[in-house]
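Structure, as C-alpha cells:
The values are calculated or read from the model by the stated rules, or taken from the named source; none is laboratory data. No experiment lies behind these values; they were computed from the predicted model shown. Here Cβ is always computed from backbone atoms with ideal geometry, including for glycine, and neighbour counts include all displayed protein chains. The protein model used for the area step is the full one, side chains on, heavy atoms only, and it has no ligands, DNA or RNA in it. Shrake-Rupley method; radii C 1.70, N 1.55, O 1.52, S 1.80 Å.
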Amino acid sequence: MKLLSGAGLVLDNMETRIMRCGSTTKMPSCSARNVFASRPSPRKGLFVRAESMTSSSVGDKPAWTGDSLLSKVVNWAIDTPPLYNTLKVFAKQMLINSAESRGVPWGRHVAEMEKRKEIEVIKSEVENPALCYPDYYLKPFHAYENGNLEWLAAFEVQPATYVMAIRTFKDKTDWSGEQCFVELRSRITNAIKSYHVRHGLPLPSIIADMGCSTGMSTTWLSEQFPDANITGLDLSPYFLAVAEWERRHRAATSPSSKQRSAPITYVHGLAEQSPFADASLDLVNFNFVIHECPQATISSFIRESQRVLRPGGVLAIVDNNPKSATIQNLPPFLFTTMKSTEPWSDEYYSFDVEAAMRDAGFREVVTVETDHRHRCVMGIRT
C-alpha cells in the first residue's frame with residue numbers, strides 16, 4: 001500500500017484487506033447504462049434545523065425513483081442510447097452554465113489542470129495497481145465514458161462541486177460559487193460538531209474521509225478540525241492524484257497549511273474493505289458518496305465503519321435527502337437529466353440509511369437536514 005504524506009494513522013496491512021485481480025480491469029461500454037446492473041471564513045453558529053425534519057406532505061423518496069411507473073419510463077429513456085447521449089450533452093452544459101453564471105471558470109480550470117503533467121507522476125505514486133475495481137464502480141458516473149476513472153472527470157470535480165452548492169443556494173444570486181460552497185460545508189460540519197456536543201463526545205482527533213474524491217471535503221475537514229489526523233480514501237487514482245497535487249501546492253504556497261500538526265494522507269482503496277485498524281478512528285465521514293452505490297455496498301460501508309470506529313466514535317453520512325421537497329418536486333427534464341448521470345439512483349433513494357445503521361449496532365441515530373436538499377445521518381459506535 002502507498003500512503004502519501006506519511007501521517008501516523010494506525011493502518012492494517014492493506015495487502016490483506018483489498019480485492020485483487022490478475023489483470024487490468026476493462027471498462028464496459030457506456031453508450032447506454034443499466035440502472036440496476038484562501039477561503040472565506042465560514043459563518044458562525046449552528047445550522048441544524050431539526051432531526052428527521054421533513055414535511056409530512058412529502059413521501060419517503062422521489063416518485064421518479066424505485067419501481068414506480070414514472071421511474072420505469074425515465075429508465076427506459078436513459079437506457080435508449082440516442083436519448084442517453086443527448087441527455088449527457090444537456091447535463092454537462094447545464095453544469096457549465098451554472099458554474100460560469102457565478103464566476104466559476106469551468107473551461108479555464110480544466111485547461112490549467114491539463115497542463116500540469118506532474119499530476120500523472122503523482123498518480124503513479126498513489127495508485128495501487130493490484131486493486132480490483134468492483135462492478136458497481138465501473139459505470140458511466142456523471143456521463144463520463146469511463147466514470148471516475150479518467151482525467152477529465154478528475155479535473156472537473158472542483159467546478160462541479162461548486163455547482164452543487166450554487167444550485168443549493170440559487171436564491172443567493174449575489175453569492176459566488178466559493179461562498180455557496182462555504183455555506184453548504186459549514187452547515188454540514190456545524191451539524192457534526194453539534195452532534196458531538198449534544199452527546200458529550202470530544203471532537204474527533206483521527207478522521208477518515210471515505211470517498212474523498214479530489215480532496216475538497218478532506219481539506220475542508222482539515223480546516224474545521226485543525227488538530228486532527230485526517231486520511232482521505234478513494235477508489236479513483238485520478239481523483240487522488242489531483243487531491244495530492246492540491247495538498248502539495250497548498251503546502252508550498254500557503255503558510256497556514258504548514259502549521260498542521262499532522263498532514264493530510266491520501267490512500268487508494270475500498271471504503272468497504274479499508275486499511276484502517278479495528279477501533280482506530282474517531283470519525284468516519286462519507287460526503288456525497290452513497291448515492292453512487294448500490295444498497296449492498298452502502299450496507300458494507302456501514303459495517304466497515306462499525307469495525308474501524310472506536311467505541312464512542314461517530315459515523316456521519318452526508319448526501320441528497322430522499323425526503324427533500326426540492327428533490328421530489330424537480331421538473332421532469334431536470335430529474336431525468338440528473339438520473340441519467342447517476343446509475344444507482346433507484347437503489348439509493350429506496351435505501352433506509354438510519355435502519356441500516358441501527359442494524360449494524362449504531363446508537364443515537366438521527367437525520368439532520370443541513371439545507372433544503374441535503375441531509376447528514378449520524379450515529380455513535382457502541
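One table, with the values for the structure above:
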read-out	value
Amide H within-cut-off set for residue 206, under 5 Å, with H built and near neighbours excluded	229, 282, 283
³J(HN,Hα) computed for each position of the stretch 292-297 - Karplus, 6.51 cos²θ - 1.76 cosθ + 1.60, integer Hz, glycine/proline x	9, 9, x, 4, 4, 6
Trypsin sites (Lys or Arg not before Pro) within the stretch 74-132, DSSP loop, no more than 15 other Cβ atoms inside 10 Å	115, 116, 117
At R0 = 45 Å, FRET efficiency that the Cβ-Cβ distance of residue 364 and residue 111 yields, to 0.05	0.45
Solvent-accessible area, 1.4 Å probe, carbon plus sulfur percent, for the stretch 186-268	54 percent
Of all accessible heavy-atom area on the stretch 275-343, the percent that carbon and sulfur account for (1.4 Å)	58 percent
Residue pairs, from the table 61/339; 61/170; 88/139, whose Cα atoms sit over 19 Å apart	61/170
Förster-model FRET efficiency, 30 Å R0, residue 94 and residue 372, C-beta, rounded to 0.05	0.95
More than 13 angstrom apart: percent of Cα pairs within the stretch 212-273	58 percent
Neighbourhood charge, 10 Å Cβ-Cβ cut-off, centred on residue 290 and excluding it, Lys, Arg +1 and Asp, Glu -1	-3
Cα-centre dipole for the stretch 261-382 with unit charges at Cβ (Lys and Arg positive, Asp and Glu negative), debye to 20	180 debye
Computed magnitude of the charge dipole of the stretch 91-166 (debye, nearest 20; Cβ of K, R +1, Cβ of D, E -1)	280 debye
J(HN,Hα) series, the stretch 140-156, from Karplus relation 6.51 cos²θ - 1.76 cosθ + 1.60, nearest Hz, glycine and proline x	x, 4, 6, 6, 8, 4, 9, x, 7, 9, 7, 5, 4, 4, 5, 6, 9
Per-residue ³J(HN,Hα) for the stretch 211-220, Karplus 6.51 cos²θ - 1.76 cosθ + 1.60, θ = phi - 60°, Hz, x for Gly and Pro	x, 6, 6, 8, x, 5, 5, 5, 4, 4
Overall dimensions of the stretch 313-361 as given by Cα atoms, namely Rg and Dmax in Å	13.2, 41
Probe 1.4 Å, protein heavy atoms only - accessible area per residue of the stretch 227-382 in square angstrom	30 Å²
Long-range amide H partners of residue 267 with built H, under 5 Å	232, 233, 234
For the stretch 120-207, convex hull of alpha carbons as volume per residue, Å³	181 Å³
